[in-house]
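One structure is given here, and the rest of the page talks about it.
The values are calculated or read from the model by the stated rules, or taken from the named source; none is laboratory data. Note that this is a predicted model, so its numbers are computed, not measured. Please note: Cβ atoms are built from the backbone with ideal geometry, for glycine as well, and neighbour counts cover all protein chains shown. Accessible surface is based on the protein model in full, side chains and every heavy atom, while ligands, DNA and RNA are left aside. Shrake-Rupley method; radii C 1.70, N 1.55, O 1.52, S 1.80 Å.
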Amino acid sequence: MKSKKLLLIALLFTVNSFSQNWDKIEAKDGMHYISHYMNNINLDILGKYLFEGQEPVVELNEFGAGFYQLHDQPKRPMIWGLECDESGALKYKKGFDNAKYILWYQYTTKQEGDTEEDSNWKSVEFTIHFSSKKMFIQGERSKDYKETTKK
């Protein structure tokens, strides 16, 4: 049953995504726009982000699907996107040798003991460090990257 719900949510999210380059979400602090079309980053951000080479892990998959694991917790399915403006252009802050984005995620399943807060959209930092060729989620889960050519 849970997998059917997840499939339905992912399907709705995917169908909606083909019609535009962004989705509108409501978080505790108001409305935000997110995108999971990363053509304007020109890097392969999809994949597993590990904490010191092991779990807990964050996994970013295509079309805004994935998994998010907190410390000492099981992996949970989620939907995700990077914050963008109303036209789908990603919002970021450029530093000397990095770029900082906001990654929004929401769990797609409930666990025993979950509160209303657990079902809300959450934001975490997503940073790209150009000289070390590493990407970080929450400053602690990392993935190496290679530059890709434009599609």
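Restricting attention to region 49-93, the residues that are outside any strand (DSSP E or B) and open to solvent by 20 Å² or more (accessible area, probe 1.4 Å) total 17. Can you spot a residue in region 26-37 that is surrounded by 11 or more Cβ atoms within 10 Å (Cβ to Cβ), closer than 22 Å to residue 144 by Cα, modelled with pLDDT under 80 and not hydroxyl-bearing (Ser, Thr, Tyr)? Yes, some residue in region 26-37 is surrounded by 11 or more Cβ atoms within 10 Å (Cβ to Cβ), closer than 22 Å to residue 144 by Cα, modelled with pLDDT under 80 and not hydroxyl-bearing (Ser, Thr, Tyr). Of the residues making up region 94-128, those that are farther than 17 Å from residue 25 by Cα, in contact with a Ser or Thr (Cβ under 9 Å, 6 or more places away or on another chain) and in a strand (DSSP E or B) number 3. Among the residues of this structure, residue 132 does not count as one that is open to solvent by 70 Å² or more (accessible area, probe 1.4 Å) and either touching a residue at least 12 places away in the same chain (Cβ under 8 Å) or assigned to a loop (DSSP other than H, G, I, E, B) (or both). Scanning for something at positive phi, modelled with pLDDT of 90 or more, in contact with a strand residue (DSSP E or B) (Cβ under 9 Å, 6 or more places away or on another chain) and not small (Gly, Ala, Ser), does region 114-130 turn up at least one residue? No, there is no match, as no residue in region 114-130 is at positive phi, modelled with pLDDT of 90 or more, in contact with a strand residue (DSSP E or B) (Cβ under 9 Å, 6 or more places away or on another chain) and not small (Gly, Ala, Ser). Give me the residue from region 131-151 that is under 17 Å from residue 57 (Cα atoms) and of a type in the set (Ser, Thr, Tyr) and, out of that set, modelled with the highest pLDDT. Looking at the filtered set, the residue picked out is 142.
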